[in-house]
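Working notes, beginning with the structure itself.
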Amino acid sequence: MKALIQRVTRASVAVEGRTVGAIGQGLLALVGVEKGDEEAAADRLLHKLLHYRVFGDADDKVNLNLQQVDGGLLLVSQFTLAADTRKGLRPSFSSAAPPDEGHRLFHYLLARAEAAWPRVESGEFAANMEVSLVNDGPVTFLLES
């Protein structure tokens, strides 16, 4: 399981012109589920999302995590993160989890996140989404579990 995280001052996701999730300061996490991923991978990823230190402290050092800054977490499913781009000029999605499994694990992650943190929003699985964000820094990391 992978998440491309971006530290944001604000982010939102819309489906068919309707905002389905929005946060202020926090993390936008684009989440990809790969074949063989299980609940344990989602649990490890959630731990990283909540505890990864990407926010500045009083000395402007990257020392604080999402919980310490009381930030929002916007989870957006993105199967293209599981693409194999090593060969050729067209991505292969053979390493991505099948849609049913991706749906199950993304919603498992979402439910666990909502139980662990009060400021969690999400996009809609498998929808054509428009994601808007203001990347703060810019700060972007690829987390893998």
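Computed quantities for the displayed model
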read-out	value
Members of segment 1-21 found to be in a strand (DSSP E or B) and over 12 Å from Glu130 (Cβ atoms), listed by number	Lys2, Ala3, Leu4, Ile5, Gln6, Arg7, Val8, Thr9, Arg10
Residues located in segment 16-49, provided they are closer than 18 Å to Thr80 by Cα and not small (Gly, Ala, Ser)	Leu28, Leu30, Val31, Val33, Glu34, Lys35, Asp37, Leu45
Condition met for Glu121 (closer than 22 Å to Thr19 by Cα and among the charged types (D, E, K, R))	yes
Residue in segment 36-54 that is out of contact with any Lys or Arg (no Cβ under 6 Å at 6 or more places or on another chain), part of a strand (DSSP E or B) and hydrophobic (A, V, I, L, M, F, W, C) present	no
From Leu74, Leu110, Leu81, Leu89, residue being over 25 Å from Glu130 (Cβ atoms) and of a type in the set (A, V, I, L, M, F, W, C)	Leu89
Scan of segment 109-122 for residues that are charged (D, E, K, R), closer than 16 Å to Leu28 by Cα and either touching a Lys or Arg at 6+ places or on another chain (Cβ under 8 Å) or buried (at least 16 other Cβ atoms within 10 Å of the Cβ) (or both), ordered by number	Arg119, Glu121
Of all residues making up segment 96-145, the number that are of a type outside the set (S, T, N, Q) and in a loop (DSSP other than H, G, I, E, B)	10
Residue in segment 55-69 that is polar (S, T, N, Q), closer than 26 Å to Ala116 by Cα, surrounded by 13 or more Cβ atoms within 10 Å (Cβ to Cβ) and within 16 Å of the chain's Cα centre (by Cα) present	yes
Residue match in segment 79-88 (condition: under 24 Å from Trp117 (Cα atoms) and either part of a loop (DSSP other than H, G, I, E, B) or of a type in the set (A, V, I, L, M) (or both))	no
Residue identified as surrounded by 14 or more Cβ atoms within 10 Å (Cβ to Cβ), modelled with pLDDT under 95 and either polar (S, T, N, Q) or under 17 Å from Val15 (Cβ atoms) (or both) among Phe79, Phe106, Phe125	Phe79
Hits in segment 55-78 (condition: outside any loop (DSSP other than H, G, I, E, B) and not polar (S, T, N, Q))	Phe55, Gly56, Val62, Leu64, Gly72, Leu73, Leu74, Leu75, Val76
Unique match (being within 26 Å of Pro98 (Cα to Cα) and of a type in the set (A, V, I, L, M, F, W, C)) among Ala11, Ala40	Ala40
Test result for Thr85, hydroxyl-bearing (Ser, Thr, Tyr), closer than 25 Å to Ala22 by Cα and either surrounded by fewer than 17 Cβ atoms within 10 Å (Cβ to Cβ) or modelled with pLDDT under 95 (or both)	no
Residues of segment 8-54 classified as among the polar types (S, T, N, Q) and either surrounded by 18 or more Cβ atoms within 10 Å (Cβ to Cβ) or more than 18 Å from Arg119 (Cβ to Cβ) (or both), total	2
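The values are calculated or read from the model by the stated rules, or taken from the named source; none is laboratory data. Everything quoted here is computed from the prediction, not taken from an experiment. Cβ atoms come from the backbone with ideal geometry, glycine included; neighbour counts cover every protein chain shown.
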